[in-house]
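J.: If you scroll down you'll find the structure; I have some questions about it.
Each value in this text was obtained by applying a stated rule to the coordinates, not by laboratory testing. Owing to the predicted nature of the structure, the values given are computational and were not obtained by experimental measurement. Cβ atoms come from the backbone with ideal geometry, glycine included; neighbour counts cover every protein chain shown.
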Amino acid sequence: MGNCLHPVADDSSTKLVPEDNAWSEFLESYEDVEYNLTDVEAAAPCHSCTLFDHSSLPFFILVSVLGILASGAVLYALLRPLLRWQVCQDRSILVQLAVGSTLFSIMVPILARGLSGAFITSLCHPARLVSYGSAFAQALMIGCRACLGPKLGASQAPGLRLGISVGLWGVAALLSLPITLGSDTSQGLCTVTFSGEWEILRYIHAAACFAIFIVLPLGLLGAKGLKKALGRGPCPWIDILWVWFIFWWPQGIVLVLDSLVRSRAVMVSTCLAQQALDVLLDLAEAVAIVHCVITPLLLARVCYQATHASLSSPPLSAIQSHPDTLGSKS
């Protein structure tokens, strides 16, 4: 990965070291002139400090391979016609979460800094659409599962289940349009620039990430606490699958902070602070990418808990009347 301690040389940067005899003679002719070298160094351009460059390609490939293998294994287990897995009441949601994780894993290498070429640039926009669309869809499905619980089971209202699934994926696709349109395919690389007239899309994308990855889970947690305190109706269904949001919380927070800095609502006065923000952006992206490896493990754990709870509990009708007994404790 990139090294922030050694800034990349730039032709436009300020060079303070003499390079030839002519420059040395020029400086000797002004020996008596007083100047502050610190001021000159402060006026030099601030190099962007990035962790992802061509050397980070193995990281992207490793995460992609592990994510595809893990998601594929869980997806195969969920779709296999075995009686033990069929008792998962929300199996349809778990399958869609596994599909979203698989799609994200497949797109990861295309978004890597180390790959370039005509083939990569042709897939840049679809890769952004699929990767962020799958991430938004997973977040919305976890939230929908928390609200509806076993009502999304295969034995109840298949038309409602299909409509909800299509609606969630459609909303996720719309939310991923800003980052898709803001992608750039110049110089054979798939990057996010939001240049020119697309600058407004940066703030829309940051707002969407903040709403889906931060506001949504916090709102459901607040609703759960409020309903439990007032004793009104069933509380939102929360279990280990909510660990998924931990991998996207940094992304939502750092993108909003970066947007505030770019809009000058928050001023960054030093080059070190700007470089720290650049590092945080890359770290948040790395943590978000790793989610495609962890999500299949969370899905396997949830289905394992639901299967054992269903096999050792009263009949299905009794379980559906008490959704908190299915899965893990709320």
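J.: Using the per-residue mean of other Cβ atoms lying within 10 Å as a proxy for protection, in what order, highest first, do the peptides 217-229, 135-147 fall?
T.: Packing proxy ranking, top to bottom: 135-147, 217-229.
J.: Next up: Please list, ordered by chain and number, the residues whose modelled amide H lies under 5 Å from the amide H of residue 184; skip anything fewer than 5 residues away on the same chain.
T.: 191, 192, 193
J.: Within 10 Å, count the other beta carbons around each residue, average over each peptide in 200-210, 274-284, and list them highest first.
T.: The densest-packed peptide leads the list: 200-210, 274-284.
J.: Mind ranking 124-134, 251-261 by how tightly packed they are, going by the mean number of other C-beta atoms within 10 angstrom, highest first?
T.: Numbers: 124-134: 21.5, 251-261: 19.1.
In descending order of packing, they fall as 124-134, 251-261.
J.: Something else now. So if I place +1 on the C-beta of Lys and Arg and -1 on the C-beta of Asp and Glu, and nothing else carries charge, what would the dipole magnitude of the stretch 142-293 be about its Cα centre? I want it in debye, nearest 20.
T.: It comes to approximately 960 debye.
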